[in-house]
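The block underneath contains the structure these notes are about, expressed in structure tokens.
The values are calculated or read from the model by the stated rules, or taken from the named source; none is laboratory data. Source: prediction; values computed, not measured. Every residue, glycine as well, gets a Cβ built from its backbone with ideal geometry; the counts of neighbours run over all protein chains shown. In case anyone asks, the SASA skips ligands and DNA or RNA and just uses the protein heavy atoms, side chains included. Shrake-Rupley method; radii C 1.70, N 1.55, O 1.52, S 1.80 Å.
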Amino acid sequence: MNTYSFFSIFIVSVLFPCTSHSQNNKEEYLKNNSSVLNESYTFPQQNFNVIGFGAYHGSAKTEDAELFIIQSILKKNSINYYFPETDISIAYYFNEYLKSGDEALLKNLIETYGVRIPQERTIEVFNKWKKLKAINDKLPENKKLTVLGADPIVTYQYTYKHLLSLIKDRSKWLLANELQNTIEKDTTDFSPYYNSYSKNQLKAFVSDYELNTAEYNLYINNKEMFVHLISTIKVSFDDYHREKEMFNNYVALSKIYNLKNKVQFFRLGFGHLLKAKEGNYESFLYKLSANGVYTKDKIVSIIGYLTKSEVIWDDKYDTNGNYVSSVNQGDEGIGDSPNEYFKGIDNLKRMKISGLSIFRLNANNSPYYLKGSDLIEVIETPKKRSIDYSNDVTTDFIDYAVLISNSKASQSIYSIPKS
């Protein structure tokens with residue numbers, strides 16, 4: 001070897017000493033901290049209050065992953081409360097489904113909460129809830145799941161029903177009777193997103209209640225929940241910041257249900273599940289720790305990453321509004337293309353051991369405790385966002401990663417033939 005070549009190698013090794021070593025460290029670490037995510041998996045942590053799981057919406061295996069995680073937690077822990085990505089009233093009626101098994105109700109609930117997240121309006125989500133009910137049915141009475149929702153109102157359809165269920169006597173409450181009439185006629189769209197008939201009706205109802213609170217409180221059978229519901233309705237009348245309202249709703253529900261020392265499972269989109277600020281963005285889980293609701297170590301974040309997979313992207317309808325087909329998306333639509341991918345995702349791909357592989361990132365001596373934005377930063381060409389990740393650490397954001405491989409797009413709930 002000549003002197004020039006020797007010094008060239010020496011300079012490279014001095015200037016870039018950790019690239020290969022760090023890569024090897026991560027792969028070796030992932031190899032030793034990976035598991036097949038199936039019914040045999042047992043979740044290794046126990047001492048937490050909040051655990052969240054999420055991925056890109058609309059891929060079939062994501063629902064399987066969620067159920068395996070829930071079952072793995074239940075082997076050593078109870079899950080007291082389950083938070084899907086929906087509002088408190090839709091959640092209230094998911095509880096009704098878990099008790100009754102009414103699949104017509106379940107289908108309508110999925111169609112309704114899918115107004116906000118159309119990619120969740122699928123047969124796979126429908127079947128996930130059926131399996132969740134089967135799991136819940138086997139739990140002892142004192143350990144069954146209670147479904148709650150921290151999202152702002154999705155539609156007013158179940159808000160109306162929930163509100164009326166909290167009133168024990170409508171005989172002297174004219175506007176409550178008008179709400180009941182609207183439900184029975186079922187001719188409005190119950191939309192909170194424009195100046196709809198239902199929004200104006202609720203404005204009148206709230207105004208009347210606030211003018212006559214002392215009188216109407218005599219007819220309410222759960223004042224705490226009623227007041228919370230009125231608060232969420234008022235928020236829906238104007239523009240709001242969703243993450244902030246999710247946090248506010250959670251704080252209110254925590255007081256009603258005494259959530260502080262309970263175990264809660266959240267199924268949310270992964271943007272809500274980052275435990276640290278991404279640039280200036282404050283996610284729901286970040287707000288829980290930043291505002292002192294829980295310390296960061298009591299919150300566990302599990303993020304799913306898709307590879308060689310597809311998601312349902314959109315439903316197509318004919319001129320009469322009848323479902324025709326769905327459009328699916330892969331590659332850039334799921335962060336799995338040369339032009340759009342998560343930094344460090346190749347390490348997971350190389351170390352995967354099944355179609356659902358779960359990697360613990362927060363074990364002792366994890367290289368993910370070192371500075372770096374693996375699995376958080378999206379590498380884009382062309383670059384669309386200007387966020388500084390230079391001081392970020394992966395485990396400040398998430399605790400586990402699930403690599404979801406070869407997952408088909410979920411199927412629209414509307415593809416089920418009407419009976």
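Taking all protein chains as shown and a probe of 1.4 angstrom, VAL324 keeps an accessible surface of around 90 Å². Taking all protein chains into account, the per residue accessible area for the chain stands at 47 Å² (1.4 Å probe).
Remark: the Cα gyration tensor places the stretch 51-169 in the oblate category, a/c being 1.5 or greater and a/b not exceeding b/c. Under the classification rounded if a/c is under 1.5, otherwise prolate if a/b is larger than b/c and oblate if not, where does the stretch 175-259 fall, given a ≥ b ≥ c as square roots of the Cα gyration tensor eigenvalues? Because a/c hits 1.5 or more and a/b fails to exceed b/c, the stretch 175-259 counts as oblate. Translational diffusion of the chain, estimated by Stokes-Einstein from the Kirkwood radius over alpha carbon pairs at 25 °C in a medium of 0.890 mPa s, is 105 µm² per second.
Based on DSSP, what percent of beta bridges with both residues in the chain are antiparallel, to the nearest 5? Around 55 percent antiparallel, to the nearest 5. Applying the Karplus relation 6.51 cos²θ - 1.76 cosθ + 1.60 with θ = phi - 60° to the stretch 205-213 yields 3J(HN,Hα) values of 4, 5, 4, 5, 4, 5, 7, 10, 4 Hz, where x marks Gly and Pro.
Can you bin the stretch 104-184 into rounded, prolate or oblate? Criterion: square roots of the alpha carbon gyration tensor eigenvalues sorted a ≥ b ≥ c, rounded for a/c under 1.5, prolate for a/b above b/c, oblate for the rest. Here the stretch 104-184 falls in the oblate category.
Computed FRET efficiency, Cβ-Cβ of GLU210 and LYS371, R0 60 Å: what is it to the nearest 0.05?
Approximately 0.70, to the nearest 0.05.
Checking the Cα-Cα distances for LYS161/LYS203; LYS31/LYS76; LYS144/LYS296; LYS262/LYS296; LYS76/LYS138 against a 18 Å cut-off, the pairs over it are LYS31/LYS76; LYS144/LYS296. In a simple Cβ point-charge model (Lys, Arg +1; Asp, Glu -1; nothing else charged), the chain has a dipole of about 1080 debye relative to its Cα centre. Between ASN181 and TYR281, the distance separating the two model label sites (each 7 Å from Cα on the Cα→Cβ line) works out to 4.6 nm. Extension gain, SER100 to LYS298: 0.36 nm times the residue separation minus the Cα-Cα distance gives 67.9 nm. Simple spin-label estimate for ASP189 and GLU111 gives 1.5 nm between the two label positions (7 Å along the Cα-to-Cβ direction from each Cα).
Computed from Cα positions, the angle between helix 223-236 and the longest principal axis of the chain comes to roughly 70 degrees. Using a Gaussian network model of the chain with C-alpha springs under 10 Å, which one of LYS255, LYS199, LYS349 is most mobile by mean-square fluctuation? The residue that fluctuates most here is LYS255. The slack in the chain from ASN38 to ASP239, taken as 0.36 nm per residue of separation less the alpha-carbon distance, amounts to 68.2 nm.
May I ask you to compute the full-extension gain from ASP137 to GLU28, defined as 0.36 nm times their residue separation minus their alpha-carbon distance, rounded to one decimal in nm?
Extra length from ASP137 to GLU28 when fully extended: 35.2 nm.
Dividing the helix sum by the residues of the chain, where each DSSP H run of 4 or more adds -39500 (n - 2.57), gives a mean residue ellipticity at 222 nm of -12500 deg cm²/dmol.
In the calculated pair-distance distribution of the stretch 274-419, the portion above 28 angstrom amounts to 32 percent of the Cα-Cα pairs. Measuring between their Cα centroids, the stretch 249-278 and the stretch 354-392 lie 23 Å from each other.
3J(HN,Hα) couplings calculated from phi for the stretch 312-317 with the Karplus curve 6.51 cos²θ - 1.76 cosθ + 1.60 (θ = phi - 60°) are, in sequence order, 5, 10, 6, 9, 10, 10 Hz; Gly and Pro show x. For the pair LYS168 and ILE379, a Förster radius of 60 Å applied to the C-beta separation gives a FRET efficiency near 0.55, rounded to the nearest 0.05.
Distant-in-sequence amide contacts of PHE342, defined by a placed amide H-H separation under 5 Å and a gap of 5 or more residues or a different chain, comprise ILE379.
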